[in-house]
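Asks: What follows is a structure written as structure tokens; I'll ask about it next.
Every number in this text was worked out from the coordinates using simple rules, so none of it is lab data. All of these numbers come straight from a predicted model, not from anything done at the bench. Using ideal geometry, Cβ is built from the backbone for each residue, glycine included, and neighbour counts are taken over all protein chains shown.
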Amino acid sequence: MSKNSISNSVIRRLPRYYRFLGELENNGYVRISSRELSEKMGLTASQIRQDFNCFGEFGQQGYGYNVSDLRAEIGHILGLDEHTPMILLGAGNLGKAIASHIDFQSKGFDLIGAFDTNADIIGKEIGDLTVRDIDELEQFCRENKPVAAILCVPTGAAEKMADLLIGLGIKAFWNFTHYDMRAGRHGIAVENVHLGDSLTTLSYGLNSMEHGEEE
């Protein structure tokens, strides 16, 4: 099956499989059946088998899955064994938190640069990086050839910044702005992250439970 034909819902389950298998490996599991994995993850065994079959045959009849091997295979599918160079645009509170607390290398990326327009932020240290002036961006990209970018800029500047970065060779965006980028636009990969949407979804869940208890 080609990667383009695999549904987005399957792809979005892969990081969860990877995380669960890592926890199992740390707890001494050597092998696990689809039924056992389904019970731990709250999925059906058939769903798990269908998901894995999208990428090949990983299990053995009567044995199940080797936890370490399966995790390594999923990590490879996710590109976690790559070290894709990435830059950060916007080193304010959110950008600083992301740069300081995310283990990029374990997620397939290498954060190599951070940029901002604020004179109070330029020159400050975040993680292992010194924040650079945005005026240095083009030369930095020509010299270091980053492939991915984190956007933590104001919404009004996001589209213009994205267009500039695409022109400088950026092919993937982790977008934390309120500007919705479209995957496939100019052949780029996009992950739009709206923290406020996640919080309002939690609000819906809470209110649904409360209203259900009142009925």
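Asks: For the modelled label position 7 Å from the Cα of ALA72 along Cα-to-Cβ, which residues of the stretch 13-30 have backbone nitrogen atoms closer than 17 Å?
Replies: Correct set: 18-19, 21-26, 28-30.
Asks: Express as a percent, rounded to the nearest 5, the fraction of DSSP beta bridges in the chain (both residues included) that run antiparallel.
Replies: In the chain, approximately 20 percent of DSSP beta bridges are antiparallel ones.
Asks: Residues with amide H under 5 Å of ARG132's amide H, sequence separation 5 or more or different chain, H placed in the peptide plane at 1.01 Å from N; which?
Replies: ALA114, PHE115, ASP116, GLY123
Asks: Counting only C-alpha contacts under 8 Å and six or more residues apart, can you give the relative contact order of the chain as a whole percent? Write out the running numbers ahead of the final one.
Replies: On the way: 266 pairs, mean separation 27.9, N = 215.
Relative contact order comes out at 13 percent.
Asks: Something else about it: Using amide H atoms built in the peptide plane, which far-off residues or other-chain residues are under 5 Å from THR84 H to H?
Replies: For THR84, whose amide H was placed from the backbone, the distant partners under 5 Å are PHE109, ASP110.
Asks: If each residue's Cβ is checked for other Cβ atoms within 10 Å, how do PHE58, PHE109 rank with the fewest at the top? Let's see the in-between values first.
Replies: Working: PHE58 15, PHE109 23.
Exposure proxy ranking, most exposed first: PHE58, PHE109.
Asks: Multiply the residue gap between LEU206 and GLN50 by 0.36 nm, knock off their C-alpha separation, and tell me the result in nm, one decimal place.
Replies: Values: separation 156, 0.36 × 156 = 56.16 nm, distance 3.22 nm.
Here the answer is 52.9 nm.
Asks: If R₀ is 30 angstrom, what is the calculated FRET efficiency for the pair LEU164 and ALA189, using the beta carbon separation as r and rounding to 0.05?
Replies: On the way: r = 17 Å, r/R0 = 0.58.
Once the sixth-power term is evaluated, E becomes 0.95.
Asks: Among 136-142, 193-199, how do they line up from the highest to the lowest mean number of other beta-carbon atoms within 10 Å?
Replies: So the order, starting with the most tightly packed, is 136-142, 193-199.
Asks: If you put +1 on each Lys and Arg Cβ and -1 on each Asp and Glu Cβ, how big is the dipole of the chain around its Cα centre, in Debye rounded to 20?
Replies: Here the chain has a charge dipole of around 660 debye.
Asks: Once Rh for the chain is found with the Kirkwood sum over Cα pairs, what is the Stokes-Einstein diffusion coefficient at 4 °C and 1.567 mPa s, in µm²/s?
Replies: Stokes-Einstein gives a translational diffusion coefficient of 66 µm²/s.
Asks: In whole Hz, with x marking every Gly and Pro, tabulate ³J(HN,Hα) for the stretch 29-44 from phi via Karplus 6.51 cos²θ - 1.76 cosθ + 1.60, θ = phi - 60°.
Replies: Calculated HN-Hα couplings, in order: 6, 9, 9, 8, 8, 5, 5, 5, 5, 5, 5, 6, 9, x, 10, 8 Hz.
Asks: For the stretch 1-51, count the residues as N, evaluate 2.2 N^0.38 Å, and divide the Cα radius of gyration by that value, please.
Replies: Numbers: Rg = 11.8 Å, N = 51, 2.2 N^0.38 = 9.8 Å.
In units of the globular-protein estimate, the stretch 1-51 measures up at 1.21.
Asks: Add +1 for every Lys or Arg and -1 for every Asp or Glu among the other residues with Cβ under 14 Å from the Cβ of SER9, and state the total.
Replies: +2
Asks: Give the relative contact order (percent, whole number) for the stretch 3-77; include only Cα pairs under 8 Å separated by 6+ residues.
Replies: The value is 42 percent.
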